[in-house]
Amino acid sequence: MKILRGILGGVAFGIIGEIFGFLIYGVLFLKWTSEAGQVFRPMDSLYMRIGMPLADIFGGLMVALAYAILYRGIPGMGIKKGLIFGLILWLITRFAGELFFYVMSPIPFILVIAGWIHGLIVGTIGGTSIAAIYGKSLETNK
């Protein structure tokens, strides 16, 4: 049962990433995403249409696994535990990662801000979703 919840939580995290990625990069920040087109694959390519959703779901599965492994060390209870996990995940991966990407790639700084927003939304909503899906199943050693 825990494995099924982990898979569902990971898929949910990946879908949340896809939805907000489209809204942020494909709608709100499209102008700047298009300006940095030399860095990204074309939006209509097979990589973006099939590969990106699969990569998001795979990443979500890894996040759900990390949540299960780190569960006892995450402060809080219930949904709050998922929210804290999502914020920590955002700080470690996206906050620092977007700055690194900016230093290494010719992108406008506004895309760093877009990445911070995307990561914060996905981390918090995705983390709380994983916590809700796992529920109390990780509290027992069954």
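Things to note:
- Some residue of segment 43-65 being within 19 Å of the chain's Cα centre (by Cα), among the polar types (S, T, N, Q) and at pLDDT below 95: no
- Checklist (1) touching a residue at least 12 places away in the same chain (Cβ under 8 Å); (2) within 19 Å of ALA36 (Cα to Cα); (3) among the basic types (Lys, Arg) applied to LYS81, failing item: (2)
- Hey, GLY14 at pLDDT 95 or above, crowded, with 18+ Cβ neighbours inside 10 Å and closer than 14 Å to GLY135 by Cα or not: no
- Selection status of ILE16, assigned to a helix (DSSP H, G or I) and under 18 Å from the mean Cα position of the chain (by Cα): yes
The values are calculated or read from the model by the stated rules, or taken from the named source; none is laboratory data. Predicted model, so just to flag it, every value in this text is computed and none were measured. We place every Cβ from the backbone using ideal geometry, glycine too, and count neighbours over all the protein chains shown.
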